[in-house]
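Step one of this worksheet: look at the structure below.
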């Protein structure tokens, strides 16, 4: 990757049919415009490992502030503290591929991953749940009125396999429940056994809602 990570991201975004990079701020944020003319500022990080609040706090210290923060590489985890700092700015976070999605909202600071927002909203509305907070972008601490606090990981897979469960544990660490994000497909018996061997459960959305109540 030649040049800075921001230079590389600028080239990638310029190659997209629905976006133009029309400038940069003194803070080195990209000014991105959709074909409809909506323009917004994008900060590009190059963090490997886990994105911490210290990585993002300085982005909001200058005169110009980003409306969207992205990271290259895309597989880097976002810590809950970093996510909370970005959302409080207010701003949004995501991957380079999310820039187009944020542009389509016409209000980049409001961009959120729809799938994760569905799970956050559903868990927060549960009658036995006091609060839901980010551990990572796809793992949440769920504090309940009755019963212990649960760590819930949401994994994207059509048929959740034992390998998916093991990969989630290696990537995210301890969780009490691993949830298959899509209502399509299934959870294999091997995935259920792998989760059980870790002291966890592998569940679909409906059984998750039941689990939160007991």
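The values are calculated or read from the model by the stated rules, or taken from the named source; none is laboratory data. Source: prediction; values computed, not measured. Cβ atoms come from the backbone with ideal geometry, glycine included; neighbour counts cover every protein chain shown.
Among the residues making up segment 113-137, those that are touching a residue at least 40 places away in the same chain (Cβ under 8 Å) and either assigned to a loop (DSSP other than H, G, I, E, B) or closer than 15 Å to residue 203 by Cβ (or both) are 119, 122, 123, 126, 127, 128, 137.
Scanning segment 144-185 for residues that are loosely packed, with under 14 Cβ neighbours inside 10 Å and part of a strand (DSSP E or B) yields a single hit, 159.
Filtered by the rule that a residue be crowded, with 19+ Cβ neighbours inside 10 Å and outside any helix (DSSP H, G or I), segment 202-214 gives 202, 203. With the condition kept exactly as written, say whether any residue in segment 13-35 is assigned by TED's automatic domain parsing to the domain that holds residue 81, closer than 30 Å to residue 170 by Cβ and within 22 Å of the chain's Cα centre (by Cα). Among the residues of segment 13-35, not one is assigned by TED's automatic domain parsing to the domain that holds residue 81, closer than 30 Å to residue 170 by Cβ and within 22 Å of the chain's Cα centre (by Cα), which makes the answer no. Return yes when residue 194 is at pLDDT 95 or above, buried (at least 18 other Cβ atoms within 10 Å of the Cβ), over 19 Å from the mean Cα position of the chain (by Cα) and not in a helix (DSSP H, G or I) and no when it is not. No; evaluated as a whole, the condition is false for this residue.
Looking only at segment 29-49, residues that are loosely packed, with under 13 Cβ neighbours inside 10 Å and in contact with a strand residue (DSSP E or B) (Cβ under 8 Å, 6 or more places away or on another chain) come to 2 in all.
Which one is farthest from residue 71 (Cα to Cα) among residues in segment 1-24 that are in contact with a strand residue (DSSP E or B) (Cβ under 8 Å, 6 or more places away or on another chain) and part of a helix (DSSP H, G or I)? So, considering only residues that are in contact with a strand residue (DSSP E or B) (Cβ under 8 Å, 6 or more places away or on another chain) and part of a helix (DSSP H, G or I), the one farthest from residue 71 (Cα to Cα) is 14. It is to be established whether one or more residues within segment 172-181 are modelled with pLDDT of 95 or more, within 17 Å of the chain's Cα centre (by Cα) and under 22 Å from residue 85 (Cβ atoms). Scanning segment 172-181 turns up at least one residue that is modelled with pLDDT of 95 or more, within 17 Å of the chain's Cα centre (by Cα) and under 22 Å from residue 85 (Cβ atoms).
Of the strands (runs of 3 or more DSSP E) lying entirely inside segment 25-102, those containing at least 3 residues that are within 16 Å of residue 138 (Cβ to Cβ) are 92-94.
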